[in-house]
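The values are calculated or read from the model by the stated rules, or taken from the named source; none is laboratory data. Owing to the predicted nature of the structure, the values given are computational and were not obtained by experimental measurement. We place every Cβ from the backbone using ideal geometry, glycine too, and count neighbours over all the protein chains shown.
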Amino acid sequence: MKRSAALSILFLATLGLWGFSTPVAALSPASSLNGIDAAEPHNEFWANLQALCESAAEGELLQSPDDQIDPDARLVVHFWECGDEELRFPLHVDENRSRTWVIIHRGDHLELRHDHRNPDGSEESNTWYGSTTLEAGTANRQEFVTQRGEDTGGWAIEIEPGVHFTYGTIRNSEWRHHLRFDLANPVDLPPMHWGHETRPSQRPDPTGS
């Protein structure tokens, strides 16, 4: 396993953003939508992601503001669990199987979390950070951000069915770290990710808070 690749994913979510990850208590309320009916685009986006379930795609690094991500690392996302309230997509970086993206449907907004595990399945000290949607978004793109004054920072996920799935960090809606996965050419499912036997301690039940 390439050490640089493993370290790059460890810090991917916090590099160049606000300098910290977003704890549970700091998530912005859904009232930030300012009366916009977000149900339709959120549900359409969710359906697009659910359609990927039980497949895997290989990705590439399109953009990075630094050298933390090894451009030669093999990136594979496994669209593993696709429920009505929770999606779990493990990210494999060469032989590092420690990262899982968890997307939660809260009814009036969506939430993105990062589940980090050690090889023995135990939780890393830096885990479960993320943010929520503040806008309705679209069926093809949702932003999970924190707002500071006039600026926003966080993560974005894009889905173009049958073409690509994209994840990365953003600032004011512009990509900073940008990973894109090819949906047109599915790959074999990777080995199971670390910690798949147990749920995150912060969300022991898939319908929990």
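Has the range 90-98 got any residue that is more than 21 Å from GLY208 (Cα to Cα) and of a type in the set (Val, Ile, Thr)? Don't jump to the end; show me each part of the working.
Here is the first cut: in the range 90-98, the residues more than 21 Å from GLY208 (Cα to Cα) are 91-98.
So of that shortlist, the ones also of a type in the set (Val, Ile, Thr) come out as 93.
Taking every residue of the range 90-98 in turn, at least one turns out to be more than 21 Å from GLY208 (Cα to Cα) and of a type in the set (Val, Ile, Thr).
Among the listed residues ALA51, ALA39, ALA73, ALA47, identify the single one that is loosely packed, with under 15 Cβ neighbours inside 10 Å, at pLDDT below 95 and not acidic (Asp, Glu).
Numbers: ALA51 fails: at pLDDT below 95; ALA73 fails: loosely packed, with under 15 Cβ neighbours inside 10 Å; ALA47 fails: at pLDDT below 95.
Only one candidate passes the filter, namely ALA39.
For the range 100-116, give me the residue count where each residue is outside any strand (DSSP E or B) and surrounded by fewer than 19 Cβ atoms within 10 Å (Cβ to Cβ).
From the range 100-116, those outside any strand (DSSP E or B) are 106-109; that's our starting set.
In the following step, the residues that additionally are surrounded by fewer than 19 Cβ atoms within 10 Å (Cβ to Cβ) were identified as 106-108.
The qualifying residues number 3.
Collect the residues in the range 170-185 that are in a loop (DSSP other than H, G, I, E, B) and surrounded by 14 or more Cβ atoms within 10 Å (Cβ to Cβ), keeping them in residue-number order.
LEU183
Quick test of your reading of the structure: GLY162 fulfils all but one of (1) farther than 18 Å from PRO65 by Cβ; (2) in contact with a His (Cβ under 7 Å, 6 or more places away or on another chain). Name the failing condition by number.
(2)
Considering only residues that are crowded, with 21+ Cβ neighbours inside 10 Å and in a strand (DSSP E or B), look in the range 117-142 and name the one that is nearest to the chain's Cα centre (by Cα).
Going through the qualifying residues, I end up with GLY130.
Among what's in the range 83-99 and is surrounded by 19 or more Cβ atoms within 10 Å (Cβ to Cβ) and in contact with a helix residue (DSSP H, G or I) (Cβ under 9 Å, 6 or more places away or on another chain), pick the residue that is farthest from ASP205 (Cα to Cα).
Across the range 83-99, the extreme among qualifying residues is VAL93.
Within the range 144-163, take every residue that is in contact (Cβ under 8 Å) with a residue 24 or more places away in the chain and within 23 Å of PRO200 (Cα to Cα) and give me the one that is surrounded by the most Cβ atoms within 10 Å (Cβ to Cβ). Before you say what the answer is, go through the steps one by one.
Looking only at the range 144-163, we keep the residues that are in contact (Cβ under 8 Å) with a residue 24 or more places away in the chain, and these are 144-148, 153-155, 157, 159, 161.
Subset that is within 23 Å of PRO200 (Cα to Cα): 144-146, 154-155, 157.
Numbers: PHE144: 24, VAL145: 26, THR146: 20, GLY154: 24, TRP155: 24, ILE157: 22.
Applying the filter and picking the extreme gives VAL145.
Please verify whether the range 129-137 includes one or more residues that are in contact with a Pro (Cβ under 6 Å, 6 or more places away or on another chain) and either more than 17 Å from ARG199 (Cβ to Cβ) or among the hydrophobic types (A, V, I, L, M, F, W, C) (or both).
Initially, the range 129-137 is screened for residues in contact with a Pro (Cβ under 6 Å, 6 or more places away or on another chain), giving 136-137.
From the residues that got through so far, the ones that are either more than 17 Å from ARG199 (Cβ to Cβ) or among the hydrophobic types (A, V, I, L, M, F, W, C) (or both) too are 136-137.
Within the range 129-137 (the criterion being in contact with a Pro (Cβ under 6 Å, 6 or more places away or on another chain) and either more than 17 Å from ARG199 (Cβ to Cβ) or among the hydrophobic types (A, V, I, L, M, F, W, C) (or both)), the answer is yes, since at least one residue qualifies.
When PRO206 is evaluated against the numbered criteria (1) closer than 19 Å to LEU110 by Cβ; (2) modelled with pLDDT of 95 or more; (3) not polar (S, T, N, Q), which criterion, by number, is the only one it fails?
With (1) closer than 19 Å to LEU110 by Cβ; (2) modelled with pLDDT of 95 or more; (3) not polar (S, T, N, Q) applied to PRO206, the lone miss is (2).
Any residue that is under 15 Å from TRP194 (Cβ atoms) and touching a Ser or Thr at 6+ places or on another chain (Cβ under 6 Å) - is there at least one of those in the range 90-112?
Let us first name the residues in the range 90-112 that are under 15 Å from TRP194 (Cβ atoms), namely 90-102.
If we keep only those that are touching a Ser or Thr at 6+ places or on another chain (Cβ under 6 Å) as well, we get 90.
Yes - at least one qualifying residue is present in the range 90-112.
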